[in-house]
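Trainee: Before anything else, here's the structure in question.
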Amino acid sequence: MLTAGKLLLVLALLVAVYGAGASLVGARAGNRALTDSGRRAVYAMAVALVATFVLLESMFLRSDFSSYLVATHSSTTTPAFYRATAMWSSQEGSLLLWATLLSVWSSAVLYLSRNRMREIAPYATAVLCGFAVFFVGLLVLKETPFGATSPVPSEGTGLNPLLRHPSMMIHPPMLYSGYTLFAVPFAFAVGALVTRRLNADWIRSTRPFTLAAWLFLGIGIILGARWSYTELGWGGYWAWDPVENASLMPWLTGTAFLHSVMIQEKRGMLKVWNVSLVLATGVLAILGTFLVRSGILQSIHAFGASTLGGPFLVLIAVMILGSAALVVSRSADLRSDAKLDAIVSRESVFLLNNLVLVAMCVIVFWGTFFPLISEAITGEKASVGPPWFDRAIVPAALLLVLLTGLGPVLAWRRVTLANLRHQLVGPVVAGSVCLVALLGLGITAGTSVALFVVAAFSLTVIAQEFWRGTRARRAMADESPPTALLSLVRRNRRRYGGYLVHVGVITLFVGVAASSAFESSRYADLRPGQTAAIGGYDVTYVRPTSRVVAAPNGRLERIDLGAVLRVRKDGKGVTTLDTRRSYFPSADPSLGPVSRFFDGESTSEVGLKAGAFKDVWTVIAPSLAGLQPAIDKGDRVFDGPGARLPAAQRATLLAQALDGLAASYVRSPPPATFRLLISPLVTWIWLGALIVFAGGLVAMWPSPRAVHRMVSAGYAARVARELTKV
Amino acid sequence: MDPSRKRKIRLIVALGAVVVLATALVYTSFTASTEAKSPSQLLASAQAGKAYEVTGKVAAGSWTSRGTTNVFRVRDRNGRESVPIRYAGAVPDPFREGREIVVTVRKAGGTWVGERDTLVTKCPSKFQQKAPKT
């Protein structure tokens, strides 16, 4: 199996090299057969990489510990659901996932565009193959996922318990899909620059992939935030960690690009800006991958033992220098077809929106790389923390939400005052009512109030757009309101899908603003029966809980020590929370037979009552002090006389001892430390993300006209082929 | 007004705004930053009361906790010199002796006091030492 995996990777590498070469030579020589062969090489590479992926996946699912990767990242007690995803918790497995996704998405875009962009596509194919050569090359030469163990262990180390969360199953594939899909517009932009075919055709053809990249990356980011909130035991969802920031940067520039291309499509403007944005997004996507694997910045998520920094730096340097050279050498071809007619116009708002998004990206970049920048300038390494990021980003986010509302009310080219007044009355009234209501409720936190007001303004603008569109549709087609609304969206998917995305983003921002500004948090040391007050709620530690959990194969998986808490507000019961700390056994042979169950990894299982307006959140940090004498005694017994018992009997007695320990924790519970949070509107963050996802799908779905265009292109290509045969 | 003159004025205003904002970004980042130090650098050149971000490994056998107060020593990643740290608040789940952590501290007498909610522990899945593969 291991040899087959290595051979498949070598095959994929050779095919990728061939694909790049054939596409380049074919494009230069105008040899169609060769460029087609290069494109088919991408399909073949995808088949080889998917086969490699399936092969390694099967080893994980079968717990085949002859594989070093499986032995160090999975175990027989790891639930099957998580064995299937343990692969990408490793450096090698995640690189394989990257390469596989890249090959699959590249195949999809090249297949769908096989009858279009004949001049650009071969160069794009060469670029995509170039990326594949890099990543598969790393897998073949530096980080093989098919290393062997010797001797083969009977049990693996297991997947890190912190990663055993459904979000973490989908989070990396989503992030990597985003990163790899951004390689598609990057590759086509390079092709367009090389061939000087710089109209909006390449943008239109790759638009679904750009949108998909943006959507996948966004989903990946939000799943990471959700995992952090519900699994990491600190109650936050964003910490401005370098690796988190690395995923945000391409998302920001990708968002800017999705907006500014509309100006190029409508007016033939901003060509240099657009091509620079898409190239920068491609570079930032690789930078994100580099940050996780280089160890140049302190991050809780970085692979510390990685040696891949050098190759990634070379790749990034090549991408930046190549992109800059192409843009500069094609500057004459990138001149705008039109000029900005008026400062107050939709183009201006789009441009301003782009500047704000790029400014946000620059802020995040600066803050992320500040340790290196400060060391280069002052000789002292220093870092900026979340408060700096918050202070710098919040004004930009406010402006962004305001522009989200202003964009739709302004006409292209020029705006008349009468029209502006007509469009703005409702939204300004809504914003004012919101302001008065907030002040009336005694909410005066400056930036949060400002955000709620501009959110009310922008949401009203969007509601107004839907209302007026539906009304016009009803007047034209005499349809019922729901039918008119559906036809309106169906006929203008990009526009109304975009509005839905805006609603989602605004909802998400409101959730972030409210939960950041109005969160109550405290630590409380409680014994059963004691109560702590927080944010108007009374939280009572009702009783301790404990459980020894066995895996399906009978081996002990973990020990849970927890608590049941009752939450009341104004004397009325609100909810009951169940939180626990799960202790997973360590594989460290130097630890005692009993203490290894408490000195391994542990994870917090959050007690959460999520509500539309407030979340009640808690985690427990149980004290093991009371159990320690019994644990030490157990170690002595099982290391002494117990060690001479037959293995099966020893395992049974050990299980009984652990059961006894768990029971004693419930019988005489020590005081436990609880972290308690009352967070308003956190649910709005996840709801906003769902709305963004729905809006993105609506915008991405091909319109009937686009399908017709694709079919026509296919038909035209077939006719052309037939004619050349005659 | 002459359109080209108008464009020039717009460009100058835009560039001026960029310069002002960039200056603000640079200024605030340097004034709000926390010096990052290793434990041995802290021992050599730290001032009382000033905040430092210390990175290192939790020294073996040094961690004790009572309620929400944790006391431990952080040593250099590849060395023996260490500083004692008192940290109030729950430690992250992956916090263990031997694990790499980052925490913001201030010197108070003979010990270092960690700022609440600044302690992060490096994800253990991501820094396993490479073992030789055959």
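Bear in mind that the values in this text are calculations on the coordinates, not laboratory data. Source: prediction; values computed, not measured. Positions of Cβ are backbone-derived with ideal geometry, glycine not excepted, and every protein chain shown enters the neighbour counts.
Trainee: Given the -39500 (n - 2.57) contribution per DSSP H run of 4+ residues, what per-residue ellipticity at 222 nm results for chain B, rounded to the nearest 500 deg cm²/dmol?
Mentor: Dividing the helical sum by the residues of chain B leaves -9500 deg cm²/dmol.
Trainee: Continuing with the same structure: A:Arg491 to A:Val328: FRET efficiency via 1/(1 + (r/R0)^6), r the Cβ-Cβ distance, R0 41 Å, to the nearest 0.05?
Mentor: 0.50
Trainee: Looking only at the protein assembly as shown, where both bridge partners belong to it, what percent of the DSSP beta bridges are antiparallel (to the nearest 5)?
Mentor: 95 percent
Trainee: Using the alpha-carbon atoms, what tilt in degrees (0 to 90, nearest 10) does helix B:3-32 show relative to the longest principal axis of chain B?
Mentor: It is inclined by approximately 20 degrees.
Trainee: Okay, moving on. Could you line up A:Ile443, A:Ile120, A:Ile219 from fewest to most neighbouring Cβ atoms inside 10 Å?
Mentor: Numbers: A:Ile443 15, A:Ile120 26, A:Ile219 22.
Going from sparsest to densest Cβ surroundings: A:Ile443, A:Ile219, A:Ile120.
Trainee: What value, in deg cm²/dmol to 500, does the helix sum -39500 (n - 2.57) over DSSP H runs of n ≥ 4 give at 222 nm once divided by the residues of chain A? Let's see the in-between values first.
Mentor: Working: 21 runs with 467 residues, N = 726.
Counting only the DSSP helices, I get -22500 deg cm²/dmol.
Trainee: Quick one: which of B:102-110, B:20-28 comes out on top by average Cβ neighbours within 10 Å, and what's the full order, highest first? Walk me through the numbers before you get to the answer.
Mentor: Numbers: B:102-110: 16.1, B:20-28: 12.7.
Ranking, from highest mean packing down: B:102-110, B:20-28.
Trainee: So for each of A:526-532, A:549-555 I average, over its residues, the number of other beta carbons within 10 Å; can you give me the resulting order with the highest mean first? Let's see the in-between values first.
Mentor: Numbers: A:526-532: 13.9, A:549-555: 12.0.
Descending packing order for the listed peptides: A:526-532, A:549-555.
Trainee: Right, another one. Multiply the residue gap between A:Arg204 and A:Leu112 by 0.36 nm, knock off their C-alpha separation, and tell me the result in nm, one decimal place.
Mentor: Details: separation 92, 0.36 × 92 = 33.12 nm, distance 1.26 nm.
Contour length minus Cα-Cα distance gives 31.9 nm.
Trainee: Per residue of B:24-32, what is the mean number of Cβ atoms on other protein chains within 10 angstrom of that residue's Cβ?
Mentor: Counting other chains' Cβ atoms within 10 Å and averaging over B:24-32 gives 5.
Trainee: With each pseudo-label sitting 7 Å past Cα toward Cβ, what's the B:Arg99-A:Ala84 distance in nm, one decimal?
Mentor: The two pseudo-label positions are separated by 2.9 nm.
Trainee: To the nearest 0.05, how large is the calculated FRET efficiency for A:Ala29 and A:Ala475 if R₀ is 60 Å and r is the Cβ-Cβ distance?
Mentor: 0.55
Trainee: About the Cα centre, and with charges only on the beta carbon of Lys, Arg (+1) and Asp, Glu (-1), how big is the dipole of region A:536-648? Nearest 20 debye, please.
Mentor: Taking the Cα centre of region A:536-648 as origin, the dipole is about 440 debye.
Trainee: Still on this model: Cross-link list A:Lys142/A:Lys381; A:Lys609/B:Lys122; A:Lys142/B:Lys57; A:Lys6/A:Lys142: which exceed 20 angstrom alpha carbon to alpha carbon?
Mentor: With Cα atoms farther than 20 Å apart: A:Lys142/A:Lys381; A:Lys609/B:Lys122; A:Lys142/B:Lys57.
Trainee: A follow-up question, please. Where the centre of each part is set by its Cα atoms, how far does region A:179-243 sit from region A:52-108, in angstrom?
Mentor: 23 Å
Trainee: On a C-alpha basis, how far is the centre of region A:335-399 from the centre of region A:407-432 in Å? Whole number, if you could?
Mentor: Each part reduced to its Cα centre gives a spacing of 27 Å.
Trainee: Let me ask something else. Can you find, among A:Val425, A:Ala456, A:Thr483, the residue sitting farthest towards the positive end of the charge dipole of region A:408-503, where Lys and Arg contribute +1 and Asp and Glu -1 at Cβ?
Mentor: Of the listed residues, the answer is A:Thr483.
Trainee: Between region A:630-705 and region A:489-518, what is the C-alpha centre distance in whole Å?
Mentor: About 34 Å separates the Cα centre of region A:630-705 from the one of region A:489-518.
Trainee: Quick one: among B:Ser62, B:Ser33, B:Ser45, which has the greatest mean-square fluctuation in a GNM of chain B with alpha-carbon springs under 10 angstrom?
Mentor: Fluctuation is largest for B:Ser45.
Trainee: About the Cα centre of chain A, what is the dipole size in debye to 20, counting +1 per Lys and Arg Cβ and -1 per Asp and Glu Cβ, all else neutral?
Mentor: Roughly 2440 debye, rounded to the nearest 20.
Trainee: Also, I was wondering about something else. Please find the FRET efficiency linking A:Val429 to A:Arg335, where r is the Cβ-Cβ separation and R0 is fixed at 51 Å, and quote it to the nearest 0.05.
Mentor: Values: r = 43 Å, r/R0 = 0.85.
Using R0 = 51 Å, I get an efficiency of 0.75.
Trainee: Turning to a different aspect of this structure: How far apart, in nm, are the 7 Å Cα→Cβ label points at B:Arg86 and A:Trp467?
Mentor: 6.1 nm
Trainee: Order these by the 10 Å Cβ neighbour count, fewest first: A:Asp390, A:Asp337. Could you put the intermediate results ahead of the total?
Mentor: Values: A:Asp390 15, A:Asp337 10.
Ordered by Cβ neighbours within 10 Å, fewest first: A:Asp337, A:Asp390.
Trainee: What distance in nm separates the two pseudo spin-label positions at A:Leu441 and A:Val542, each 7 Å out from Cα along the beta-carbon direction?
Mentor: Roughly 3.0 nm, to one decimal.
Trainee: Related question: Ignore the peptide's own chain and count Cβ atoms of other chains within 10 Å of each Cβ in A:377-389; give me the average, rounded.
Mentor: 5
Trainee: Let me ask something additional. Does chain A classify as rounded, prolate or oblate by the C-alpha gyration tensor (a ≥ b ≥ c root eigenvalues; a/c under 1.5 gives rounded; else a/b over b/c gives prolate, otherwise oblate)? Present the calculation step by step, with values, prior to reporting the outcome.
Mentor: Numbers: a/c = 2.19, a/b = 1.27, b/c = 1.72.
It is oblate, given that a/c is not under 1.5 and a/b is not larger than b/c.
Trainee: Within a 10 angstrom radius of each residue's Cβ in A:358-371, how many Cβ atoms of other chains show up on average? Whole number is fine.
Mentor: 2
Trainee: Work out the charge dipole of chain B with +1 on the Cβ of Lys and Arg and -1 on the Cβ of Asp and Glu about the Cα centre, then indicate which of B:Phe72, B:Ile12, B:Gly89 is farthest towards its positive end.
Mentor: Of the listed residues, the answer is B:Ile12.
Trainee: Under 18 Å from the Cα of A:Lys633, which aspartates and glutamates turn up, not counting those fewer than eight places away in the same chain?
Mentor: A:Asp599, A:Asp659
Trainee: In region A:675-704, whose amide N lies under 13 Å from the spot 7 Å out along Cα-to-Cβ of A:Ala610? List them in ranges.
Mentor: A:681-691
Trainee: Ranked highest first by average number of other Cβ atoms within 10 Å, how do A:641-652, A:560-571 line up?
Mentor: Taking the mean over residues of other Cβ atoms within 10 Å, the ranking is A:560-571, A:641-652.
Trainee: Moving to a separate point now. Length gain on complete extension for the stretch A:Ala418 to A:Leu141, per 0.36 nm per residue less the alpha carbon to alpha carbon distance?
Mentor: Numbers: separation 277, 0.36 × 277 = 99.72 nm, distance 6.67 nm.
Full extension from A:Ala418 to A:Leu141 adds 93.1 nm.
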